[in-house]
1. Please report the net charge: other residues with Cβ closer than 12 Å to the Cβ of B:N5, K and R +1, D and E -1.
2. Considering only DSSP states other than H, G, I, E and B, which chymotrypsin sites (Phe, Trp or Tyr not before Pro) in segment A:254-289 qualify as loop sites with at most 16 other Cβ atoms within 10 Å?
3. Any idea what % of Cα-Cα pairs in the protein assembly as shown are farther than 49 Å?
4. Please compute the Kirkwood hydrodynamic radius over segment A:187-227, one decimal place, Å, based on all pairs of different Cα atoms.
5. Which helices, taking whole DSSP H runs in chain B, have alpha carbons extending 15 angstrom or more along the helix axis plus mean Kyte-Doolittle at least 1.0?
6. Can you give the local net charge around B:P269? Use residues other than it whose beta-carbon is closer than 13 angstrom to its beta-carbon, Lys and Arg +1, Asp and Glu -1.
7. Under a 1.4 Å probe, what is the accessible area of segment A:10-286 per residue, stated in Å²?
8. Over all directions, average the projected area of the Cα convex hull of segment A:93-217 and note it in nm².
Amino acid sequence: MDDRKPPNSQRAASKTAHTSDSLRLRAKARQIRLDILDMIYTAKGGHIGGAFSSADILTALFYAVMRFSPETLATGEGDRFVLSKGHACEGYYAILADRGFFPRTELASFLQYKSRLMGHPHPKIPGVEVATGSLGHGLSVAVGMALAAKLDGRRERVFCLAGDGELAEGSIWEAASAASHYRLGNLTCIIDRNGLQISGPTEEIMDPEPIEQRFAAFGWHTTDVDGHCFEELTAALHRTHGEQPALVTAHTVKGRGVSFMENQAGWHHRLPTVEEYHQAKAELKGHPC
Amino acid sequence: MAEPNRKAFSDTLLALAEANPDILALTSDSRGSASLNQFASALPRQLIEAGIAEQNIVGMAAGLAKSGKVPFVCSPAAFLSMRSIEQIKVDCAYSGANVKLIGISGGVSYGALGATHHSLQDLAVMRSIPGLTVVVPSDNQQTAELTSQIAYMEGPVYMRLGRQAVPSVHGPHMPSQLGRGLMLQDGQDLTLIGAGEVMPGVLEAAHMLEDGLGAAVRVVEIHTIKPLDEEIIMAAAETRAVVVVEEHSVHGGLGSACASVLSQFCPVPVCILGIPDEPPVTGSQSEIFRHYGLDAEGIHSRIAAFWQQLQRQRRRG
Ligand SMILES: [Mg+2]
């Protein structure tokens with residue numbers, strides 16, 4: 001499982017490659033944020049704050065880290081992904097469409113009557129393996145996937161993206177115990193640490209800190225990164241740690257990419273007005289990233 | 001008296017798992033209660049201990065199933081059907097994960113331990129979940145047959161098993177098929193419908209009714225609560241009344257399922273004999289059955305009263 005870890009001696013040398021790769025990833029992330037904005041504006045529904053905070057994490061995973069395509073999913077040769085924070089589905093759908101799981105034009109049907117692109121992922125959507133949306137479920141499912149790969153001796157990795165608010169769910173900690181108990185070094189959980197949940201700052205609602213010490217106490221290897229820096233994200237996500245499951249705390253900004261949405265709990269699922277939509281679009285298009 | 005159904009289950013599962021390495025048994029510190037000690041020694045790599053964490057065990061099972069495994073989650077019915085119900089709804093049923101949920105020590109198997117350990121709402125909850133098959137076998141033979149069938153079918157299943165040794169209800173000439181009710185005996189006056197470990201009492205009560213009232217009693221066993229064999233239930237409307245007996249709350253179980261079908265399509269008086277809407281009395285399973293009139297004598301006397309009431313109504317009508 002460690003074979004894809006870049007040897008330390010090569011890390012400095014690959015820095016240039018990382019930088020040009022970062023430009024590619026930034027362009028992707030910009031397109032995904034624009035897709036998210038369009039989906040939510042058209043549908044008049046969705047969770048824009050978390051979709052924007054997690055957009056760079058998803059971009060790093062799907063375009064730089066995971067072996068994941070319609071082919072790998074069909075043959076079982078690739079890596080696996082579970083979106084535990086199912087409400088941040090807009091970016092996930094935009095990526096699946098972009099990766100060829102279904103036509104991009106279908107994104108316009110988000111939340112529409114009889115659309116399969118509903119407000120939380122489920123397996124009728126090509127590319128999605130498991131339904132999520134009730135918080136705290138995804139990590140257990142990811143543990144099961146990682147355990148299956150380990151039982152079968154497959155070099156598959158399993159990635160789970162969770163929110164910081166859902167760390168209050170007890171089942172997350174049942175799963176955290178199981179992951180280290182079974183020594184699932186092929187499992188990585190990323191926390192979209194945007195510091196906010198629907199009613200306000202996580203510290204005020206139910207303080208999840210110290211996140212890394214908690215996971216470390218459960219036997220996990222922990223790292224924290226800037227969740228909007230592709231170099232940090234891809235480096236941390238590429239790495240495995242022997243038989244220890246990996247926690248990557250990605251420090252993010254809720255609403256990232258649109259000035260008036262950033263760090264505003266109200267933008268958890270607020271809808272942009274027509275003026276806000278145009279301003280957001282302009283900012284995203286010109287966003288220096 | 002034969003063996004407990006959990007033993008018939010674990011013997012069958014061991015044979016299935018020996019032939020198919022993708023079949024896994026998952027336990028929540030419950031391998032002894034599930035009679036899986038032999039399985040654990042024979043196939044240690046196919047037994048996954050998940051500890052006392054019912055939410056995680058079901059979520060994990062969904063992940064294993066989505067990776068080609070056929071996980072059998074063997075956990076006390078009381079906890080599996082309540083503590084992990086949302087994982088069953090979302091991770092298994094809604095996600096279409098091929099998880100087999102085996103509720104062990106079901107009903108009032110753990111009678112003396114109190115209501116925390118009873119599963120008397122499990123069928124009501126499980127049968128309301130779209131896509132979930134719900135099974136309650138009565139004897140060893142049926143448990144073995146249905147265990148094989150659910151292992152080979154694709155899709156999530158809840159199967160409730162009891163803890164005590166049970167007598168045989170079916171001969172080898174009467175195999176059970178998932179989704180198909182069994183007519184254990186035919187009769188034109190009255191239909192008794194039951195499922196699971198009340199069946200020996202139901203059959204005995206039917207004989208007592210035939211001897212005492214001279215009534216011709218039909219006995220139908222519905223081992224698959226969902227999908228329900230509506231045909232065999234609707235056929236019961238040929239008889240003058242239907243009595244449903246179950247080791248379950250009178251609300252939402254097999255009685256409700258039968259009443260729903262009959263009242264919509266072919267109304268006929270229905271009497272539901274189950275556990276009343278109260279915290280059940282303490283005792284062994286057989287003592288609790290006796291207390292609530294779910295043993296042969298109790299079923300007989302309650303049906304005799306119901307029957308006389310029907311006769312009076314008929315004379316008045
Ligand atoms: Mg958050």
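The values are calculated or read from the model by the stated rules, or taken from the named source; none is laboratory data. Everything quoted here is computed from the prediction, not taken from an experiment. With ideal geometry, Cβ positions are generated from the backbone for all residues, glycine too; neighbour counts draw on all protein chains shown. Surface areas here come from the heavy atoms of the whole protein model, side chains and all, with no ligands, DNA or RNA. Shrake-Rupley method; radii C 1.70, N 1.55, O 1.52, S 1.80 Å.
1. Working: positive: B:R6, B:K7, B:R160, B:R163; negative: B:E3, B:D11, B:D139, B:E145, B:E197.
Result for the neighbourhood of B:N5: -1.
2. Working: sites: A:F260, A:W267, A:Y277; in loops: A:F260.
Answer in residue order: A:F260.
3. Above the 49 Å cut-off, the protein assembly as shown has 23 percent of its Cα pairs.
4. Numbers: mean 1/r = 0.0880 Å⁻¹.
When all Cα pairs of segment A:187-227 are included, the Kirkwood radius is 11.4 Å.
5. On the way: long enough: B:5-19 (21 Å, 0.07); B:54-65 (16 Å, 0.71); B:140-152 (18 Å, -0.70); B:199-213 (20 Å, 0.46); B:254-265 (17 Å, 1.20); B:296-316 (30 Å, -1.16).
The qualifying helices are B:254-265.
6. On the way: positive: B:R240, B:R312, B:R314; negative: B:D189.
Its environment carries a net charge of +2.
7. Numbers: 9960 Å² over 277 residues.
Per-residue accessible area for segment A:10-286 comes out at 36 Å².
8. Numbers: hull surface 36.1 nm².
The Cα convex hull of segment A:93-217, projected and averaged over all directions, gives 9.0 nm².
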